[in-house]
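Engineer: If you scroll down you'll find the structure; I have some questions about it.
The values are calculated or read from the model by the stated rules, or taken from the named source; none is laboratory data. The shown structure was predicted, so the numbers you read here are calculated from the model rather than taken from an experiment. For neighbour counting, all protein chains shown are included, and Cβ atoms are generated from backbone atoms with ideal geometry for every residue, glycine included. These area figures cover heavy atoms from the full protein model, side chains too; ligands, DNA and RNA do not enter into them. Shrake-Rupley method; radii C 1.70, N 1.55, O 1.52, S 1.80 Å.
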Amino acid sequence: QVQLVESGGGLVQPGGSLRLSCAASGNILSNDLMGWYRQAPGLERELVATIISGGNTNYADSVKGRFTISRDNVKNMVYLQMTGLKPEDTAIYYCNLNRWKSVNYWGQGTQVTVSS
């Protein structure tokens, strides 16, 4: 079993920065894909960024150049550094672990609100 716990959300002004953290525990495998998703009110959950253990990353076009995902395989942590935040980035952000492209584990989510 896998547990994911996010932290670091909050209220920030447009143009500001936040760093989200995700602590993974349980049976973490070296080839698990880790990532961040987000869901805004009334919208579908969408991919933000993913990272494999080797460090290769993938980003949604809407966050490229502004967000950076990173991973500490020793501590089983995943981070999302968000800069240049916009009101449209407001959402609940979820940590995800994907195994074998078929099994998904989710955290409880952390709220990010971008507003002046």
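Engineer: Specify which of the listed residues (64, 86) is free of Cβ contacts under 8 Å to residues at least 40 places away in the same chain, surrounded by fewer than 18 Cβ atoms within 10 Å (Cβ to Cβ) and more than 12 Å from the chain's Cα centre (by Cα). Break it down into steps so the answer makes sense when it comes.
Structural biologist: Numbers: 86 fails: free of Cβ contacts under 8 Å to residues at least 40 places away in the same chain.
Criteria check complete, one pass: 64.
Engineer: Please find, among 29, 33, 20, 11, the residue that is out of contact with any strand residue (DSSP E or B) (no Cβ under 6 Å at 6 or more places or on another chain) and either loosely packed, with under 14 Cβ neighbours inside 10 Å or within 13 Å of residue 78 (Cα to Cα) (or both).
Structural biologist: 29
Engineer: Same structure, new question: In the stretch 95-116, which residue that is part of a loop (DSSP other than H, G, I, E, B) and touching a helix residue (DSSP H, G or I) at 6+ places or on another chain (Cβ under 9 Å) is least open to solvent (accessible area, probe 1.4 Å)?
Structural biologist: Within the stretch 95-116, the match that is least open to solvent (accessible area, probe 1.4 Å) is 115.
Engineer: If residue 92 passes every condition in (1) open to solvent by 50 Å² or more (accessible area, probe 1.4 Å); (2) more than 12 Å from the chain's Cα centre (by Cα) but one, which one does it miss?
Structural biologist: Every listed condition holds for residue 92 apart from (2).
Engineer: Moving to a separate point now. Here is a list of conditions, (1) in contact (Cβ under 8 Å) with a residue 60 or more places away in the chain; (2) touching an Asp or Glu at 6+ places or on another chain (Cβ under 8 Å), and residue 53 meets all of them except one; can you say which number that is?
Structural biologist: For residue 53, the exception is condition (1).
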